[in-house]
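The values are calculated or read from the model by the stated rules, or taken from the named source; none is laboratory data. Only a predicted model underlies this, so the values are computations on that prediction, with no experimental measurement involved. Here the Cβ is made from the backbone with ideal geometry for all residues, glycine too, and neighbour counts use every protein chain on show.
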Amino acid sequence: MNFNEVIKANKQNIKNIIRLITKEDNEDLEQEVYCKIWKNSDKYTEKGSIKSWIAQITKNTSLDYLKSSYHKVSQTSTSDEFVVTSIKDKKASPDDNIIKLERQKQIVKAINQLKPKFKEVIVMCEINGYTYEECAKKLNCPVGTIKSRIYNAKKELAYKLQDLL
């Protein structure tokens, strides 16, 4: 695979896919796509067309960019109003502390009211920071079961805590 020829032949297609997905021209993303093509060129098998393989790499890279925190930060407004409202007071007032404590009590109460299997996974994954895989291993059940329980537990918590949202 001649890298320079591949890039020349697919450059416009890469730009178009990036623009279609991200709604912007982004040379950094183009560069990242080129790097991924170069790094993974040994993994390309000639079962399909190289154009579709490159298009898939470009699509995945663009979608990863949209999910990234860098993109989200760059999309936030920097207007004066935004800056003023985003500045946080380092000292919380006593009223704020009381409100925060009450919220925490409500959350703990709602968690304690969950079914034991839901409470168990919420505590393990969301509070203690276990990954789904670690939780599944400890509870000796499939990862899909853990995901399902987390989903259902969060759904119940959202209902019970809707006045806090």
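Structure above, values below:
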| item | result |
| --- | --- |
| Pair list, Cβ < 9 Å and 6+ apart or interchain, from the stretch 103-125 residues that are among the polar types (S, T, N, Q) to residues that are assigned to a helix (DSSP H, G or I) | Q106/K160; N112/K119; Q113/K119; Q113/E156; Q113/K160 |
| Helices (runs of 4 or more DSSP H) enclosed by the stretch 49-120 - at least 1 residues per element that are assigned by TED's automatic domain parsing to the domain that holds I7, at pLDDT 85 or above and under 30 Å from C35 (Cβ atoms) | 50-67 |
| Among the residues listed as N4, N10, the single one being of a type outside the set (V, I, T), closer than 11 Å to I57 by Cβ and part of a helix (DSSP H, G or I) | N10 |
| Inter-residue pairs, beta-carbon under 9 Å, first touching a residue at least 40 places away in the same chain (Cβ under 8 Å) and over 10 Å from A110 (Cβ atoms) and in the stretch 146-165, second of a type outside the set (S, T, Y) and exposed (fewer than 12 other Cβ atoms within 10 Å of the Cβ), 6+ apart | none |
| Breaking point among (1) buried (at least 16 other Cβ atoms within 10 Å of the Cβ); (2) outside the structural domain of D25 (by TED's automatic domain parsing); (3) at pLDDT below 90; (4) part of a helix (DSSP H, G or I), for Y130 | (4) |
| Given (1) surrounded by 17 or more Cβ atoms within 10 Å (Cβ to Cβ); (2) under 29 Å from the mean Cα position of the chain (by Cα), index of the condition V6 fails | (2) |
| Residues located in the stretch 26-48, provided they are at pLDDT 85 or above and over 18 Å from A9 (Cβ atoms) | E27, D28, L29, E32, K39 |
